Amino acid sequence: MNSAFTTWKWRKTLREVRRSRQQLQRREQLRWTLKEQRRNMRNATKQQGKRVRNMKKESESKSESDSAPESKDNQAVGVLGSLTPEELEKLKEAVDERKKLIATMRGKPWPMKKKLVVLSCVLSQGVTGVFIISFLYYSNCQKWMKFQRDFENFKTACIPWEMKIKEIESHFGSSVASYFIFLRWMYGINMILFGLTFGLVMVPEALMGKPYGSIPRKTVPREEEASAMNFAILWDFGGYAKYSVLFYGYYNSQRAIGWLKFRLPLSYFLVGVGTVAYSYMVVIRTMARNANEEGGGDDTSFNFSWKTFTSWDYLIGNPETADNKFASITTSFKEAIVEEQESRKDDNIHLTRFLRVLANFLVLCCLAGSGYLIYFVVRRSQKFALLGLENYGWWERNEVNMVMSLLGMFCPMLFDVISTLENYHPRVALQWQLGRIFALFLGNLYTFIIALMDAIQLKRAEEEIVKKNMTIWQANLYNGTVPDNSTAPPITVHPADIPRGPCWETMVGQEFVRLIISDTMTTYITLLIGDFLRAVLVRFLNNCWCWDLEYGFPSYSEFDVSGNVLGLIFNQGMIWMGAFYAPCLPALNLLRLHVSMYLQCWAVMCCNVPQERVFKASGSNNFYMAMLLVILFLSTLPAIYTIVSIPPSFDCGPFSGKTRMFDVIQETLESDFPAWFGKMFSYASNPGLVLPFLLLLVLAIYYLQSTSKTYKRVNMELKKKLQTVSWEVQMYVQMSPTVND
Amino acid sequence: MGGTSSKLPKDLLSEYQELTFLTKQEILMAHKIFSELQDRENGLYSSRVSMEKILTLPELKSNPFRKRICHVFSTSDMKDGSLSFEDFLDLLSAFSDSATLEIKSHYAFRIFDFDDDGTLDARDLEKLVNSLTGETDDTRLTGEEMRQLISNILEESDIDKDGTVNLSEFQHVISRSPDFVSSFKIVL
């Protein structure tokens, strides 16, 4: 370590000595070049210089406009044209040297007078020609810098909702603002997912595929035609909504469609895989970037200094904004101080531990209760389905969705109340809360999936029956016409009359869409009632009520960061799960997020008050990302399971007729690619090649992790060394007066 | 341009362009605003505008450090914070978009050094924090919080542990900050 440091230092001093020697040499060269130039200029361009000077005086009397530099440029070009190439080269060198000198001058924190004096000393050998050329170069550089600056400003201005979020941040602190930043980030991801599904799946089928009504899967069956346009049916995503590009069942399994020969089944499959792959990539990249920014623990140690030295925004010119800024700076100081203090508090440990164990026990009871409730409701809905759903009212039909949404609404509140027993630091309490709500939602989601699996099995059994009936029905069709089994002309039957199988994939897609809609509605209604109505009541009933409503019981609500973040994450999980079966889901989610952004921004500013104990959400960023990653993994599992193990329906969707959905890849490799490609692919997917590759990846991860640990350790040691060295210097300085005595 | 004030000579304009980080438009705009602040009778570049007049500018009016800024950039012998046009240009150049981190951190240090002794000691930091939290009583920090905050700041930034933050320590802290350069900006 010592030798590396000293060698580096020695090399640095050597570099500096070399550089100063080079500078001296260049200065000598410049003096000689300038002498030469002066001689040349005096001999060759005396008259031209006079002409240029006259023209300059003329342009000075005109008004200052942007055209002035350009006309000067033209004059300069005229002067330049009269010089020989060697003179031009020397002038350019001199100008570069001059530019460097000027650049260093600009970077010095001297007052203007001093700079002017120094400049005039250095440039006492200034020549008119050099001046003109430097003007030319100078204006070009300025234009480029200005362009770069404008582009940066434009890029920052393009970030949507930035002002809204900054305003929320200044009022409520960084944890509430972090929710909105997360929402905006999700919006970006959903935008890309929407682009993929819309552009590569929905639009090709709509434009180039067979139109509505041409084949059975694209037509509303005769029995349902009468009610297909009813609002109730459409709201439930039946009727015309079911037989459209929104759901899986509409897509035709034709290998290539349209004049473009667009491979729709392949595209469908690849888009499904691509959305998952893209999501993984984005989440992991964001996690890595967050980990980088938080530093190896070093940079966060400048927390207080940065708050003090860099938090004021000098662009503020409005007194109101300044007041807001003062408030937010005070809030952030208090946040940071609270954090510091919390890390040093120590209370009665035993009582705290007992209370925490009690709280966890209560939470487990809640989770078990909610799990059983969902199981019970799902069983009941299966019973209803067996007996026929038409016999029951709205509640029975939507029982599962409603119960899940209500549980998702009330249980977090319960957890919040229980967590007051625990007395954690706010950020740690938030993480516990998030963990518990996570477990709750996960239980709900997986129960839902199990219910779905049961329904899928039911549908597949039904499909077998329909397939059998189909042969009987076809035989009946031909019964009345040609009795023998020669090739009879096909009888045209309207597609609406052909019996079709129950498309389990469309059913799955529909379930997801219904769940998301009911979830959205629940969220918005909770927001309106829980926040807005409450705020209105508190504000207006306060005058005629016994106790002070604003400080007492209901008071205004605080923004529930954890609940909202989890809602967002689970919502996204459901999108990932269902997007393969309902390509309309990303579009729906995009709309939902857009509306949520505006609605929640308004609700926060209008009805909520800042939390009493404010704390920073900085550490939570990667926590949210980690949860998102887990949800991504868990939600793609069921989709992958169904793709790999369940055969697709025989008469609907882009994979109808195949034994497995991923057979489309095999088919494409065989028919669209040359033979050697297929062979190569089969070699590459050989387990003998894949396993060593996986092993290599694991080793690479281990290696990278160990090097990063080493870097962190080295960083800490260097920091300690810096402190020791400065301490030694201080001691030396203190001791030296006595030495001099 | 205002009718009575004269224009900026071309050679001075180009020299100012070379010696500051401002563009030609920005210098001309600064000249226009400065002329409007000046008294009509006085001359041009040697005259100074008093601090009170400078503080009426909208960019500086709401800034808690406005008086310190005037004092730092002023080259007046009477130490009254009055600015000449060249001082004004220095100010705008240091706060401009294209100024380097070294210039900004140098001037930021001088602005925060309330007693002008070349280091930021506990008293300077206290005044600094009080300016940042606003002048009203309910936004001010309590004494205990202030003590805690100042000791935390010194713990982080004071590398040689002499109880003050000197220029190089300050520049070391600032150079790691991601949003110093973007917030230390004034645009006319």
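The peptide list A:698-707, B:24-33, put in order of mean Cβ contacts within 10 Å with the highest first, becomes B:24-33, A:698-707. Packing-based ranking of A:464-472, A:398-406 yields A:398-406, A:464-472, ordered from highest to lowest mean Cβ neighbour count within 10 Å. Here is the result for region A:172-272: no GluC sites (Glu not before Pro) lie in DSSP coil with at most 14 other C-beta atoms within 10 angstrom of their C-beta.
Taking only the Cα atoms of region A:456-590, the ratio Rg/Rh comes out at 1.36, with Rh defined as the Kirkwood radius. Relative contact order of chain B, taken over Cα pairs closer than 8 Å and 6 or more residues apart, is 20 percent. Computing FRET efficiency as 1/(1 + (r/R0)^6) for residue A:528 and residue A:591, where r is the C-beta to C-beta distance and R0 is 22 Å, gives about 0.75.
How shielded is A:112-120 by partner chains, expressed as the average number of their Cβ atoms within 10 Å of its Cβ atoms? Numbers along the way, then the final one.
Working: counts 15, 5, 1, 7, 5, 0, 1, 3, 1.
Across A:112-120, the average partner-chain Cβ count within 10 Å equals 4.
Gap in Å between the Cα centre of region A:359-412 and the Cα centre of region B:54-100? Using only Cα atoms to place each centre, the spacing works out to 67 Å.
The alpha carbon gyration tensor of chain B gives principal lengths a ≥ b ≥ c with a/c of 1.5 or higher and a/b greater than b/c, which makes the shape prolate. Here region A:666-741 is described by how far its Cα atoms reach on the three principal axes: 95, 22, 14 Å, from widest to narrowest. Annotation: peptides B:177-186, A:544-553, A:444-453, ranked by per-residue average of other Cβ atoms within 10 Å with the highest first, follow the order A:444-453, B:177-186, A:544-553. In terms of Cα atoms, the Rg and Dmax of region B:11-95 work out to 12.3, 36 Å. Using the Cβ atoms and a cut-off under 14 Å, what net charge is assigned to the surroundings of residue A:185, where Lys and Arg are +1 and Asp and Glu are -1? Charge balance near residue A:185 sits at +2.
Computed over neighbours whose Cβ is under 13 Å from that of residue A:649, the net charge equals +2, Lys and Arg +1, Asp and Glu -1. Past the 19 angstrom mark, what percentage of all C-alpha to C-alpha distances in region B:101-184 do you count? Across region B:101-184, Cα pairs with separations above 19 Å total 40 percent.
In this structure, residue B:10 and residue A:86 have a Cβ-Cβ separation that, at R0 = 25 Å, corresponds to a calculated FRET efficiency of about 0.20.
How many nm separate the modelled label positions at residue A:256 and residue A:454, each set 7 Å beyond the Cα in the direction of the Cβ? About 4.7 nm separates the two model spin labels. Look at the alpha carbon pairs under 8 Å that are at least 6 residues apart: their mean separation over the length of region B:11-95 gives a relative contact order of 30 percent. In plain terms, the chain from residue A:479 to residue A:399 could stretch by 24.2 nm, reckoned as 0.36 nm per residue minus the Cα-Cα distance. Each of B:139, B:182, B:168 was scored by the projection of its Cα onto the charge dipole of region B:101-184, and the greatest displacement toward the positive side belongs to B:182; charges sit on the C-beta of Lys, Arg, Asp and Glu. Annotation: average projected area of region A:336-451 is 8.5 square nanometres, based on the convex hull of Cα atoms across all directions. Assuming R0 = 25 Å, can you tell me the calculated FRET efficiency for the pair residue A:226 and residue A:469, based on Cβ-Cβ distance, to the nearest 0.05? Plugging the Cβ-Cβ distance into 1/(1 + (r/R0)^6) gives 0.65. For region A:396-461, the C-alpha radius of gyration divided by 2.2 N^0.38 Å, with N the number of residues, is 1.48.
Bear in mind that the values in this text are calculations on the coordinates, not laboratory data. Just so it is clear, the model here is predicted, and its values are computed rather than measured. For neighbour counting, all protein chains shown are included, and Cβ atoms are generated from backbone atoms with ideal geometry for every residue, glycine included.
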